[in-house]
Every structure is written in structure tokens, then in C-alpha cells.
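The structure appears right after this line, and notes come after that.
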Protein chains: 2
Amino acid sequence: MPLSKSTIQYIKSLHLRKFRQKYNNFLAEGGKIVSEILQQAPEAVEQIYAVPEWIAARQHLLSNIKTSVQEITAEELKKIAGLKTPNQVLAIVQQFNFQLNADWLQNDLSLYLDGIQDPGNMGTILRIADWFGIRQVICSPDCVEIFSPKVVQASMGAFLRVQTVEMELAEWSKNFPELPVYGAVLNGVNVFKTPLEKKGIIVIGNESKGISPENEVLLTQRISIPAPPGGGAESLNAAVATGILAAVFRNQG
Amino acid sequence: MPLSKSTIQYIKSLHLRKFRQKYNNFLAEGGKIVSEILQQAPEAVEQIYAVPEWIAARQHLLSNIKTSVQEITAEELKKIAGLKTPNQVLAIVQQFNFQLNADWLQNDLSLYLDGIQDPGNMGTILRIADWFGIRQVICSPDCVEIFSPKVVQASMGAFLRVQTVEMELAEWSKNFPELPVYGAVLNGVNVFKTPLEKKGIIVIGNESKGISPENEVLLTQRISIPAPPGGGAESLNAAVATGILAAVFRNQG
């Protein structure tokens with residue numbers, strides 16, 4: 001059965017944030033990511049559109065799930081896809097809506113992202129959290145949307161394992177007065193020479209403006225990645241800085 | 001004087017690798033990067049095309065250089081630009097052709113990139129090298145081209161300060177038999193728990209395939225960034241891994 005005009009219109013609307021929020025859905029494109037969602041969160045997949053070859057090769061994955069799978073042609077996929085080179089399958093998936101996990105917050109490391117704007121950086125930061133077992137990433141309301149197609153692609157499935165919550169830092173940090181709030185800044189103490197707690201928040205600032213003044217006053221420790229005297233760059237990429245800090249926190253001592 | 005048809009054609013050809021190599025030139029677009037090149041390597045700038053406002057505001061930079069500056073209209077800039085939102089100025093710049101620096105190789109850290117394909121990763125790795133004072137980055141011949149527009153943009157001027165050389169690892173590593181050749185692999189020793197030399201090469205592999213078998217046999221030490229038991233990602237982004245390793249090498253002890 002060919003795709004109806006209204007279905008095409010609905011799927012295309014999900015390429016826009018406004019409609020993703022309205023319907024609480026997002027799109028996953030390509031075999032790798034769709035297979036990963038089917039394995040890790042099958043109940044979130046609402047609908048799959050795929051070419052016959054993909055369906056034939058994925059019977060083992062599809063036989064156990066209730067999601068409806070519609071066979072479409074490569075031409076139809078091209079009409080609904082956002083990728084320049086559409087890749088066999090597209091799925092409509094329910095957004096995951098997590099609550100702040102106070103237990104993880106008080107007993108483990110969490111990240112707080114203050115205005116991360118670049119989708120590639122956001123996806124990479126989720127992969128870093130995933131690698132280092134940081135289960136919770138809290139995003140300021142002005143961060144790039146987690147369910148935008150570029151973030152979903154760049155995170156390589158990490159958004160399935162790391163819980164993301166959107167909240168202002170000031171909203172909850174006062175409820176946890178004992179919690180260390182580390183901030184990545186340019187003139188803080190050398191993170192390699194400072195004893196670090198095993199729990200707490202690491203605040204990562206916006207790519208060009210850094211941590212906002214409202215959040216900077218909430219920091220309990222200002223930390224930096226030292227550049228040697230010969231170093232010249234103005235700054236490290238936000239995702240790279242996150243990776244270095246997460247690595248040091250997880251491996252100190 | 002309006003841009004001639006042949007000039008427009010020549011500039012547009014430099015958006016393609018083939019012609020960048022033929023003419024040994026590349027394009028720098030946007031005020032920030034062009035100003036940085038004018039300050040750090042004015043002799044490399046062959047020609048500047050800019051809108052009147054940019055020229056008027058940059059008299060202090062332009063008065064000291066011999067480069068010819070041609071005033072163009074915003075419409076003309078649009079015709080020759082690669083950026084979706086052209087930004088006031090475009091420069092034709094000579095490619096930098098560096099030789100392997102044996103002194104740096106033997107007395108400092110260098111990076112060897114084995115098939116880095118993503119321009120964003122390449123630019124970010126150059127920024128990392130710049131930040132940590134790693135002066136030399138050696139690229140395998142199958143790496144993405146340093147002078148491609150996306151690398152030039154992502155490196156944020158780091159390509160001006162870090163020397164890049166294109167060479168096979170096997171070509172020169174045998175000439176330095178004492179030199180430690182560290183490789184970032186998935187099953188190596190924990191980089192946080194291993195004594196590291198202050199000099200040597202760190203080999204970073206391709207984004208999906210890692211270090212090639214021909215280069216893996218040349219490694220003298222296999223190192224890894226440990227994921228804690230709870231970690232789940234398949235791998236870290238290549239630029240993030242480079243950042244973590246460079247940070248640890250520069251800050252150990």
C-alpha cells in the first residue's frame with residue numbers, strides 16, 4: 001500500500017521541532033540506529049517504514065515486537081527522509097521523558113549542560129556520558145533539542161542509555177546543598193591536581209559564552225584543563241572538554 | 001570593478017580538492033578566520049575579496065600587508081562563497097607545506113592520524129593539538145584533507161599554529177627506533193595507570209575501523225581509556241579520545 005499524502009505530511013512535520021514537541025515523537029533514520037532502538041526500547045517505536053530488503057534481513061528483530069512495519073519503496077523513503085542519502089528504514093519513536101533522579105544525583109556524577117547549541121557536540125557529549133557510565137545528563141532549557149535528527153545521529157544510540165532531563169540548575173541545586181557543583185571554566189584550579197569527589201555535578205558551558213553568570217554563582221568548585229605554556233588555542237571544543245573532565249573524574253586516585 | 005567570469009570560475013574551483021591541489025591554494029571564509037590568517041601568516045594570503053564594510057573596519061590589519069584586496073558586493077560574495085551564510089570576506093591562501101620535524105618528533109609529543117575521515121574531527125583534533133602545545137600532527141595519506149573548508153572552519157585557526165605533514169607511518173618510524181609509538185586501542189593498558197614518556201607518537205585510528213593492521217604492528221605500547229563497568233557506548237568519538245590522551249600525557253606526574 002503506498003504511503004498516503006497525510007502520512008507523508010505527518011512524517012515530514014516531525015523533521016521540525018515544533019511538531020516533534022506537539023506529537024511527543026521523533027524520527028530515527030538508518031538501519032543501525034533503528035535496530036538499536038528496537039533492541040533497547042522496542043516499546044517506544046510507534047511505526048517503522050522500511051524497504052523490503054531491510055524487513056527481510058531483520059525478521060529476527062521484528063518477529064518479537066508489536067510495532068507495525070510498513071513496506072515502502074526507496075522512492076517513498078526519499079520523500080519522507082531527512083538524510084541526504086536515505087538508508088533503508090525510518091522509524092517514528094516516542095520521546096523519552098525522564099524525571100530528575102535524585103539518587104543518582106546524590107551518589108554519582110551527573111552532567112549539567114548550560115546552553116550547548118551544536119547538535120554534534122550534544123550527541124558526542126551523550127556518547128561520552130554513556131562511555132563513562134554517567135547515567136544522567138541535565139540540560140538547560142536553551143540547549144539544542146535532544147531529539148533533533150542530528151543529535152540522534154551523533155549520539156550513536158547513547159540517548160537510549162543516558163537519561164536526559166531539561167531543567168534550570170537553580171531550580172534543583174538548592175535542594176541538594178551538600179552536592180559539589182564543579183564548573184569547567186578557564187581560570188579554575190587544575191583538574192589534574194585537585195582531589196575530586198566521586199559524586200557531584202559537572203557544569204559545561206555554552207560553546208562560545210561558557211557558563212552563564214546565573215549558573216556560575218552556583219558553582220562550588222571552578223576547575224580547568226590546563227594548557228601548557230606553549231599552548232595556543234583559545235579554547236577546547238565543549239565536547240572534548242567534557243570528555244577530558246569525565247575521564248579524570250572517573251580515573252582519579 | 002566587478003569580478004570577472006574567469007575569477008569567479010577560479011574561486012569556485014577551489015571549493016574542490018582537485019583544484020586546491022592543482023593550484024596549491026585554499027579558501028578561508030569569514031572575518032574571524034581571515035583576520036587570524038592575516039595576523040599569523042600574512043605572506044600566505046594571495047588575494048582578499050571583501051565587502052566595503054569589512055575593508056573599512058580592518059584598515060589597521062590591511063595597511064601593513066602587501067596582499068591585494070578587492071572590494072566586492074554582497075551579491076558577488078554569495079556567488080563565490082561556500083558558506084550558506086557568506087560572511088563579508090573570502091581569501092585565497094597558499095597551502096602550508098611542512099616537512100617532518102625530526103627534532104620535535106624525538107623530543108616532544110606528536111600525533112599520528114591514521115585515516116581520520118570526518119572534517120569536524122580533524123579540525124577538532126588540530127584544536128586539541130594547539131591547546132596542548134603539540135606542534136606536529138602527521139596524517140596518513142587517506143585522512144581528510146587539512147585545507148578542505150570544513151576542516152579550516154572547525155580548526156578555528158589551529159591549522160596556522162600546528163604543523164601538519166602527510167606521510168605513511170611506516171615510512172619514517174623505522175628511522176627512529178627509540179621512539180615510543182603509543183596507539184589508542186580498545187584492549188590496551190589503562191592510560192591513567194601507566195607511566196608515559198614525555199615524548200613519542202600517539203597514533204589515533206579511523207573513526208569506525210580504528211588503527212589499520214599495517215600500523216598496529218608498529219605500535220610499541222597499546223593504550224586505552226578505560227570505561228567503568230557501567231559504561232555502555234561502543235566507542236568514544238576519535239577527537240574526544242585524542243583530547244583525553246593528550247590531556248593525560250601532558251598532565252601525568
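Each value in this text was obtained by applying a stated rule to the coordinates, not by laboratory testing. No experiment lies behind these values; they were computed from the predicted model shown. Every residue, glycine among them, receives a Cβ derived from its backbone with ideal geometry; neighbour counts consider all protein chains shown.
With K and R counted +1 and D and E -1, the other residues having a Cβ less than 11 Å from that of A:LEU109 yield a net charge of +2. Using C-alpha pairs under 8 Å with a sequence gap of at least 6, the mean separation divided by the residue count of the range A:102-251 gives a relative contact order of 29 percent. Hey, rough spin-label estimate for A:LYS66 and A:LEU100, points 7 angstrom out along Cα→Cβ, what's it come to in nanometres? Between A:LYS66 and A:LEU100, the label points sit 3.4 nm apart.
Other residues lying with their Cβ under 10 Å from the Cβ of A:GLY183 contribute a combined charge of -1, Lys and Arg counting +1, Asp and Glu -1. Positive end of the dipole of the range A:113-253 (Cβ unit charges, origin at the Cα centre): among A:GLY210, A:LEU160, A:PRO149, the Cα lying farthest that way belongs to A:LEU160. Rounded to the nearest Hz, the phi-derived 3J(HN,Hα) couplings of the range B:105-112 under the Karplus curve 6.51 cos²θ - 1.76 cosθ + 1.60 (θ = phi - 60°) are 4, 7, 10, 8, 7, 10, 10, 10, where x marks glycine and proline. I want the local charge near B:LEU218. Using Cβ-Cβ distances under 13 Å, sum +1 for each Lys or Arg and -1 for each Asp or Glu among the other residues. Taking every Cβ under 13 Å from that of B:LEU218, the sum is -3.
Computed from backbone phi with θ = phi - 60° and the Karplus coefficients 6.51, -1.76 and 1.60, the 3J(HN,Hα) list for the range B:172-189 is 10, 5, 5, 6, 10, x, 7, 6, x, 10, 7, x, 7, 10, 7, 10, x, 7 Hz; x is used for glycine and proline. Calculated mean residue ellipticity at 222 nm for chain A: -9500 deg cm²/dmol, from DSSP H runs with n ≥ 4 weighted as -39500 (n - 2.57), summed, divided by the residue count and rounded to 500. In loop segments of the range A:174-253 as defined by DSSP, the trypsin sites (Lys or Arg not before Pro) with at most 13 further C-beta atoms inside 10 Å of their C-beta are A:LYS174, A:LYS198, A:LYS209. For the range A:59-119, the set of trypsin sites (Lys or Arg not before Pro) satisfying both a DSSP loop assignment and a count of at most 15 other C-beta atoms within 10 Å is given as A:LYS66, A:LYS84.
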